[in-house]
Amino acid sequence: ENADSQKTAFLLRKAWTLYSVTPLSGFRRARLRDYARLLGAFIAAERQKGLAVEVGAELDIKVALSSLADLRGSELDEAALLVQLSSRSQASSRSSEDKPVWLGWFCSVFGDDLSENVPEYFTCLPLFLAHGAESYTSLVGSWFQKTFDCCFRRLAISPLNLSWMVAMWAGCKLDRAASAVELVFSVPRLSQPLDISYAIHPEDAKALWDTVQKTPGEITQEEVDVFMDCLYAHFHRHFKIHLSAAKLVKVSTAVASAHCDGIVKILHSQYLPGVLMLLTELAISQIQ
Amino acid sequence: HLATSLPLPSERDHLRPRIDLVVFMIDIKSKYSLKNVETSLPHVDASFFLGKVCFLVTGVGRMNACSIEMNAVCKLGEAYCSPVLFCELELEGVRAATAQRLVRMLQICAGHIRGVSALSFVSLMRNSD
């Protein structure tokens, strides 16, 4: 299990921008080296045209594609696909001088809802996570869209889904002292935008969730509603403000944090599969 | 007549004209608006639920900002035997069409349309769902 944690450690504590991706057509796992070469050539060509604006861009961009067999829910899921862009200054040709510049990965964790309805020719990896400059994300996305006839869309997370996440994650059992559970609300229709940040002691939040959840391992919409209503009522009692009329834009817990623009950070390796499963589900419902 | 919640203040009861239709507005971006409607509903006399109440869900053009569960709204409509209309107020065309629809319903509820009662109209709407 430690080896697994090491392999996936690079995923933690990074801000990932999320996308939903439609099934890839004609993707062959055996051709990863070819794809890396083709993507590298595409990026070089686009940069020649001056399309990727990176200051100090005399650097060569090297592309590496690899499979992460352990990053999946079940055998029915495709293994995750990792795309790494690193820069190598033209002065040196030693590979030890490569600096990672951009990271992206496709995955599917319990994505059967999508894959069982799709012909064999297609590869289902509905969730894409990117870390690094938007210009590179755009280049990599364009190449994949052209090569495999798929479609990338930014994954937005609604306040309803954010409240599911905070309820689920606040209820997770953690060994170490956890950071506060924080909810950030944006207040609409004001002349100047106002953000309200509501921080709750993690033990209080977990205690509240434990009184609400009836069946361990199962979560219902009613339970999430009760949990959120308690938080709203508590806030209203103290500040006379109805948070339920504001827009929930970000949630943070010791397990993970998520922003409505589709940006997540996963902080705890133990709950990585659970978080990915939820994000896979969101990606699939955006595709369908 | 617009009100932010029910019951209406009793001081003005004698000045108020007859109420033919009650439209409860729920903004999908605001959980508070749903709660508000839920607490206002018990203040409506039971006779209104024979076709003189409807729910109007606004903001459906932006499902990414959704704070309420759509299922809960549909269940509310079923529980109170009243139709649920969906619209996006920010789109002028939809706004105008929805307003026309509501005015039509109001005409029926006020008894201005011969041969169609509020009750027969609402059962027609429910059967077509």
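Run through region A:228-288 and list the trypsin sites (Lys or Arg not before Pro) located in a DSSP loop whose Cβ has at most 15 other Cβ atoms within 10 Å. Please list the in-between numbers first.
Values: sites: A:237, A:240, A:247, A:250, A:265; in loops: A:240.
Counting only loop positions with at most 15 other Cβ atoms within 10 Å, the trypsin sites (Lys or Arg not before Pro) in region A:228-288 are A:240.
So how do A:77, A:175, A:34 line up by other beta-carbon neighbours within 10 Å, fewest first?
A:175, A:34, A:77
Given charges of +1 on the Cβ of Lys and Arg and -1 on the Cβ of Asp and Glu, with all other atoms neutral, how large is the dipole of chain A about its Cα centre, in debye to the nearest 20?
980 debye
Whole number please: convex hull volume per residue, Cα atoms of region B:36-96, in Å³.
Details: hull volume 5.7 nm³, N = 61.
Cα convex hull per residue, to the nearest whole number: 94 Å³.
Starting from the 7 Å offset along Cα-to-Cβ, what nm value, one decimal, do you get for the label separation of residue A:199 and residue A:145?
It works out to 4.0 nm between the two label points.
Decide, for region A:149-206, between rounded, prolate and oblate: order the square roots of the alpha carbon gyration tensor eigenvalues as a ≥ b ≥ c, take rounded if a/c falls under 1.5, and otherwise choose prolate if a/b is larger than b/c, else oblate. Present the calculation step by step, with values, prior to reporting the outcome.
Numbers: a/c = 2.96, a/b = 1.22, b/c = 2.43.
Judged from the Cα gyration tensor, region A:149-206 comes out oblate (a/c at least 1.5, b/c at or above a/b).
Indicate the gyration tensor shape class of region A:240-288 (rounded, prolate or oblate), computed on the Cα atoms with a ≥ b ≥ c the square roots of the eigenvalues: a/c under 1.5 is rounded; otherwise a/b larger than b/c is prolate and the rest oblate. Each step should come with its number before you reach the end.
Numbers: a/c = 2.82, a/b = 1.38, b/c = 2.05.
Because a/c hits 1.5 or more and a/b fails to exceed b/c, region A:240-288 counts as oblate.
Taking every eigenvalue of the Cα gyration tensor of the protein assembly as shown, multiplying by 5 and rooting it, what semi-axes result, largest first, whole Å? All intermediate terms of the calculation are to be shown ahead of the outcome.
On the way: eigenvalues 481, 131, 82 Å².
So the equivalent ellipsoid measures 49, 26, 20 Å along its semi-axes.
What GluC sites (Glu not before Pro) does region A:191-288 have in DSSP loop regions with at most 11 other beta carbons within 10 Å?
On the way: sites: A:203, A:218, A:222, A:223, A:281; in loops: A:218.
Filter output for region A:191-288: A:218.
Based on alpha-carbon atoms only, what is the radius of gyration of region A:159-260 relative to the globular estimate 2.2 N^0.38 Å?
1.05
Would you list A:67, A:87 from fewest to most Cβ contacts within 10 Å? Don't skip to the answer; put the middle values down first.
On the way: A:67 13, A:87 19.
Exposure proxy ranking, most exposed first: A:67, A:87.
Round to the nearest 10 and give me the degree value, 0 to 90, for the angle of helix A:272-287's Cα axis relative to the longest principal axis of chain A.
That helix lies at roughly 80 degrees to the long axis.
Could you list, in their original order, any pairs among A:250/B:31; A:206/A:250; B:31/B:75; A:173/A:247 whose Cα atoms are separated by more than 21 Å?
Beyond 21 Å between Cα atoms: A:173/A:247.
What is the distance in Å between the Cα centres of region A:130-160 and region A:191-262?
What the calculation gives is 30 Å, centre to centre.
Taking 1 over the mean of 1/r across every pair of different Cα atoms in region A:1-154, what Kirkwood radius in Å do you get?
Numbers: mean 1/r = 0.0610 Å⁻¹.
Value: 16.4 Å, from the Cα pair sum.
Could you work out how far helix A:221-239 tilts from the main Cα principal axis of chain A, as a 0 to 90 degree angle to the nearest 10?
Approximately 60 degrees, to the nearest 10.
State the antiparallel share, in %, of DSSP beta bridges confined to chain A, rounding to the nearest 5. Don't skip to the end; give the middle numbers.
On the way: 53 of 53 bridges.
Beta bridges within chain A, antiparallel portion: roughly 100 percent.
Where does chain B land at 222 nm, in deg cm²/dmol rounded to the nearest 500, when only DSSP H runs of n ≥ 4 count, each adding -39500 (n - 2.57), divided by all residues?
Working: 4 runs with 48 residues, N = 129.
Result for chain B, helices only: -11500 deg cm²/dmol.
Using Cα positions and a limit of under 22 Å, work out the lysines in reach of residue A:7, with same-chain residues fewer than 8 apart set aside.
Of all the lysines, those that pass the test against residue A:7 - Cα under 22 Å, at least 8 places apart if same chain - are A:62, A:99, A:265.
Points 7 angstrom from Cα along the Cβ direction at residue A:66 and residue A:133: gap in nanometres?
With each label point 7 Å from Cα toward Cβ, the separation is 2.3 nm.
Work out the FRET efficiency for residue B:39 and residue A:269 from their Cβ-Cβ distance, taking R0 = 60 Å, and round it to the nearest 0.05.
Working: r = 44 Å, r/R0 = 0.74.
Once rounded, the FRET efficiency stands at 0.85.
Going through region B:1-93, which GluC sites (Glu not before Pro) have at most 13 other Cβ atoms within 10 Å and a DSSP loop state? Show your work: numbers first, answer last.
Numbers: sites: B:11, B:38, B:69, B:78, B:88, B:90, B:92; in loops: B:69, B:88, B:90.
Sparse-neighbourhood loop GluC sites (Glu not before Pro): B:90.
Which ordering of A:206, A:214 is given by a fewest-first count of other beta-carbon atoms within 10 Å?
Details: A:206 20, A:214 10.
Fewest to most other Cβ atoms nearby, the residues stand as A:214, A:206.
For a test of the definition: using alpha carbon positions, the gyration tensor, and the 1.5 limit on a/c, classify region B:18-127 as rounded, prolate or oblate. Intermediate results must be reported in sequence, preceding the final value.
Details: a/c = 2.05, a/b = 1.38, b/c = 1.49.
Taking the square roots of the gyration eigenvalues as a ≥ b ≥ c, region B:18-127 is oblate.
Which FRET efficiency, nearest 0.05, do residue B:8 and residue A:113 yield, Cβ-Cβ r, R0 60 Å? Can you show the working numbers first?
Values: r = 48 Å, r/R0 = 0.79.
Efficiency for this residue pair is about 0.80.
Pop a pseudo-label 7 angstrom from the Cα along the beta-carbon direction at both residue A:207 and residue A:38 and give the gap in nm to one decimal.
Reported label-point gap for residue A:207 and residue A:38 is 5.9 nm.
Since every read-out is calculated from the coordinates, none of them should be taken as a lab result. Here the structure is a predicted model, which is why all the values come from computation and not from measurement. When we count neighbours, we look across all protein chains shown, and the Cβ atoms used for this are built from the backbone with ideal geometry, even at glycine.
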